[in-house]
1. With the requirement that a residue be of a type in the set (A, V, I, L, M, F, W, C), open to solvent by less than 30 Å² (accessible area, probe 1.4 Å) and not in a loop (DSSP other than H, G, I, E, B), what does the range 204-236 give you?
2. Does residue 76 qualify as being at pLDDT 95 or above and of a type in the set (Asp, Glu)?
3. If you take the residues in the range 133-151 that are of a type in the set (A, V, I, L, M, F, W, C) and more than 20 Å from residue 220 (Cα to Cα), which one is most open to solvent (accessible area, probe 1.4 Å)?
4. Restricting the range 140-188 to residues that are among the aromatic types (Phe, Trp, Tyr) and under 28 Å from the mean Cα position of the chain (by Cα), which is nearest to residue 109 (Cα to Cα)?
5. Please identify the pairs in which a residue from the range 169-186 that is free of Cβ contacts under 8 Å to residues at least 40 places away in the same chain has its Cβ atom under 8 Å from the Cβ atom of a residue that is basic (Lys, Arg) and surrounded by 13 or more Cβ atoms within 10 Å (Cβ to Cβ), counting only partners at least 6 apart or on another chain.
6. Looking at the structure I just gave you, is residue 154 surrounded by 13 or more Cβ atoms within 10 Å (Cβ to Cβ), part of a loop (DSSP other than H, G, I, E, B) and either small (Gly, Ala, Ser) or touching a strand residue (DSSP E or B) at 6+ places or on another chain (Cβ under 7 Å) (or both)?
7. Every residue in the range 30-75 that is assigned to a loop (DSSP other than H, G, I, E, B), charged (D, E, K, R) and under 22 Å from residue 101 (Cβ atoms), please.
8. Could you give me the residue pairs with C-beta distances under 8 Å whose first residue belongs to the range 189-209 and is at negative phi, whose second residue is aromatic (Phe, Trp, Tyr) and open to solvent by 10 Å² or more (accessible area, probe 1.4 Å) wherever it lies, and which are 6+ apart or on separate chains?
Amino acid sequence: MYRVQKVLSLLGILSRRECERKIQLGLITINNRTARLGSIVKIGDKISYNNNKYLITNDTFIISTKILMYHKPINEIVSRHDPQRRDSVFNKLPDVVGKWINIGRLDYKTSGLLLFTNNGDIANKMMHPSMNIIRTYEVTVHGSFNIEKQKLSLKGIDIGNSEIGKFIALTQDKILKNKYIVKLNTGKNREIRRIFSHLDCKVINLKRISYGSIQLGKLKLKSFKFLDHKQISEFI
């Protein structure tokens, strides 16, 4: 027997924290009764959430954790539901037991490495600030990004909404002087673009090339690749 939060996480439906919020809102039922925090689920029970019902069987508790990397192009949105009906990254992924959960996001005009898993707990863990996972990007900018501005970006600057944007490392390309490799260990919304904007520079091209130890490498655009057991073990 497991708590309902654990079960929905195993199924890839919600992370444990998301599940707790939905329970508090009364949006999850077990055998047609409203679930409570700490409610226990056993084999044969039926969980209902978001107009879907999930019958709990022995197989529920042996779902294999999957993580895959996807080379996102620009002009794809990281969402299943978009009022503008733009092309979604989820339309390019293979079938999986449970559902794919994106580990972080890339905005519509950003390309590169995007990770997905069917394990809600792992998704939450890999996005949590305490993990201090380093994200690496290639960025091309328009405007003067001089030494003083580079120092400010490494020191940290106010980027609005009571947030500080900061690169933990910065390297200029040896050939293209307006191209840089930048590293962050936070996942604030559009952080890189906001840092450059507050330094009077405009981002022309932005591409994520690594997330922690996972490298985009030569993975082709719009292609995906499953991580092997050794790579997955780093995040469990």
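The values are calculated or read from the model by the stated rules, or taken from the named source; none is laboratory data. Note that the structure is predicted; figures quoted are calculated from it, not measured. No Cβ is skipped: glycine too gets one built from the backbone with ideal geometry, and neighbour counts run over all protein chains shown. Note: areas computed on protein heavy atoms with side chains; ligands, DNA, RNA excluded. Shrake-Rupley method; radii C 1.70, N 1.55, O 1.52, S 1.80 Å.
1. Answer for the range 204-236, where residues must be of a type in the set (A, V, I, L, M, F, W, C), open to solvent by less than 30 Å² (accessible area, probe 1.4 Å) and not in a loop (DSSP other than H, G, I, E, B): 206, 214, 232.
2. On the way: at pLDDT 95 or above: yes; of a type in the set (Asp, Glu): yes.
In short, yes.
3. Start the filter on the range 133-151 by keeping residues that are of a type in the set (A, V, I, L, M, F, W, C), which leaves 133-134, 139, 141, 145, 147.
Applying the additional criterion that residues be more than 20 Å from residue 220 (Cα to Cα) yields 133-134, 141, 145, 147.
Details: 133: 16, 134: 69, 141: 3, 145: 13, 147: 103 Å².
Here the residue is 147.
4. Just the residues of the range 140-188 that are among the aromatic types (Phe, Trp, Tyr), to begin with: 145, 167, 180.
Filter once more, keeping what is under 28 Å from the mean Cα position of the chain (by Cα): 167, 180.
Values: 167: 20, 180: 17 Å.
Out of the qualifying residues, it is 180.
5. 169/183; 170/183; 172/179; 173/179
6. Values: surrounded by 13 or more Cβ atoms within 10 Å (Cβ to Cβ): yes; part of a loop (DSSP other than H, G, I, E, B): no; either small (Gly, Ala, Ser) or touching a strand residue (DSSP E or B) at 6+ places or on another chain (Cβ under 7 Å) (or both): yes.
For residue 154, the condition - surrounded by 13 or more Cβ atoms within 10 Å (Cβ to Cβ), part of a loop (DSSP other than H, G, I, E, B) and either small (Gly, Ala, Ser) or touching a strand residue (DSSP E or B) at 6+ places or on another chain (Cβ under 7 Å) (or both) - is not met.
7. Our first condition is that a residue be assigned to a loop (DSSP other than H, G, I, E, B); within the range 30-75, this holds for 31-32, 35-39, 42-45, 50-51, 56-57, 63-66, 73-75.
If we keep only those that are charged (D, E, K, R) as well, we get 36, 42, 45, 66.
The answer is 66, and nothing else.
8. 192/137; 196/145; 199/145; 201/145; 206/137; 207/137; 208/137; 209/137
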